[in-house]
1. Need the full-extension length gain, residue 194 to residue 174, defined as separation in residues times 0.36 nm minus the C-alpha distance. One decimal, nm.
2. Two decimals is fine: what is log10 I(q)/I(0) at q = 0.09, 0.12, 0.14, 0.17 Å⁻¹ for the chain, from a Debye sum with one equal scatterer on every Cα and no solvent?
3. How far, in nm, would the chain grow between residue 230 and residue 71 when pulled straight, counting 0.36 nm per residue and subtracting the alpha carbon separation?
4. Can you compute the radius of gyration and Dmax for region 183-257, using only the Cα atoms, both in Å?
5. If I take every Cα pair under 8 Å that is 6 or more residues apart in region 81-146, average their sequence separation and divide by the length, what percent do I get for the relative contact order?
6. Spin-label point model (7 Å from Cα, Cβ direction): what's the residue 255 to residue 78 distance in nm?
7. Kirkwood hydrodynamic radius of region 98-148 from all distinct Cα pairs, in Å?
8. Can you compute log10 of I(q)/I(0) for region 67-154 with the Debye formula, treating each Cα as one identical point scatterer, at q = 0.16, 0.21 Å⁻¹?
């Protein structure tokens with residue numbers, strides 16, 4: 001591992017740390033609609049996945065086909081937290097970013113002060129589909145993903161065509177093919193269903209009611225499996241619910257983080 005992933009810090013120094021994980025194909029910009037709200041009370045760290053945004057593929061120990069796991073991505077998060085001296089931190093993640101959080105909650109429970117999983121899953125479908133996508137992107141790049149993605153990310157085509165949607169789709173187009181494919185490999189091997197019962201961190205699960213990638217049933221499975229988890233379903237939102245319905249997602253995160261920070 002040659003370096004830390006690219007990351008940005010916002011919010012008051014000394015405030016409780018909160019790490020925000022992005023979804024596959026996006027950059028840390030996917031969290032911009034939440035930034036003003038979350039930085040009022042937390043020191044917020046956003047990071048880019050390998051091959052996305054400003055993070056090089058070289059942060060992975062081995063980007064070869066089939067090598068990358070969610071454990072490798074979670075290690076990058078722990079490396080960043082260690083770099084900033086954070087023994088414990090709150091964590092929220094979208095889709096693959098949420099999977100990273102779930103892995104941390106199961107395998108490194110002492111590190112998480114709380115967990116929020118947004119439009120995520122305990123298992124993202126059959127591994128073969130992710131391996132096929134990885135192979136396609138390694139050969140052709142992410143250009144082939146641009147046509148179907150707006151319908152997965154956004155319930156409203158107007159959001160996809162707007163400034164924020166256009167910028168995020170630009171991040172997808174610019175993603176390094178090896179990094180994107182490695183993240184697909186990680187999703188292929190990810191399955192924390194059997195470990196949900198062990199999660200002790202206060203957990204929030206958010207679903208977009210019109211999300212075709214991780215439908216609300218995925219969120220309910222997580223919430224049913226994690227003791228005491230809270231579930232919020234956001235109307236009029238697809239996979240990037242925090243972009244499409246920021247007020248609803250911000251409100252859910254605020255209640256969750258306030259309770260977790262105060263130990264209620």
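Bear in mind that the values in this text are calculations on the coordinates, not laboratory data. Predicted, not measured: the structure shown is a model, and the values here were computed from it. Positions of Cβ are backbone-derived with ideal geometry, glycine not excepted, and every protein chain shown enters the neighbour counts.
1. 3.7 nm
2. Here log10 of I(q) over I(0) equals -0.34, -0.63, -0.89, -1.40.
3. Full extension of this stretch gives 54.7 nm more.
4. Rg then Dmax for region 183-257, in Å: 12.9, 34.
5. Relative contact order here is 29 percent.
6. Once both label points are built, they end up 3.3 nm from each other.
7. For region 98-148, inverting the mean 1/r across all distinct Cα pairs yields 13.2 Å.
8. Each listed q corresponds, in turn, to -0.76, -1.06.
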